[in-house]
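Report on the following structure.
We did not get these values from a lab; they are worked out from the coordinates using the rules stated. If you're wondering where the values come from, they're calculated on a predicted model, not measured in any experiment.
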């Protein structure tokens, strides 16, 4: 039976210490580089919020795109004409679109712009009796709404939930 004893000399300890020291230095360099790059990124992104600095930093703006204008729509719109049948006009009868008041019957017919999924309601809480009808709709709105007629007595009723082709 042989017994093997390892004996370390000072040279081996120095070499091991050098390896640990070089790993420590590499870790410090890596960490410092990360911190520098991260802070640089934050500074550049903050500078990009200023249009004057952005013009200097970015030479190519063709990838940015244009903001939407009033004439550009992301959905199809249609129009419906609602008529007050009971009277010529009644300012107390109001038209609600998605719960918001958009018009009152200051004249006998109201033109209303709608999009898919809009809910049209009539509010006659301030008026006694009212009769309202959808007299026409644009071609992209389903035909089932044309001629829809409701009678109201001091209440809010749904006239239509719009579906566009």
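Could you let me know the centre-to-centre spacing of region 30-53 and region 139-165, using Cα atoms, in angstrom?
Comparing the Cα centres of region 30-53 and region 139-165, I get a distance of 56 Å.
If each residue of separation counts as 0.36 nm, what is the full-extension length gain between residue 151 and residue 75 once their alpha-carbon separation is subtracted?
Contour length minus the Cα-Cα distance gives 24.2 nm.
Which whole-number percent is the relative contact order of region 77-161 (Cα, under 8 Å, 6+ apart)? Intermediate values should be presented prior to the final figure.
On the way: 206 pairs, mean separation 29.2, N = 85.
That works out to 34 percent.
Largest first and in whole Å, give the semi-axes of region 77-161's equivalent ellipsoid, each being the square root of 5 times a Cα gyration tensor eigenvalue.
Rounded to whole Å, the semi-axes are 20, 13, 11.
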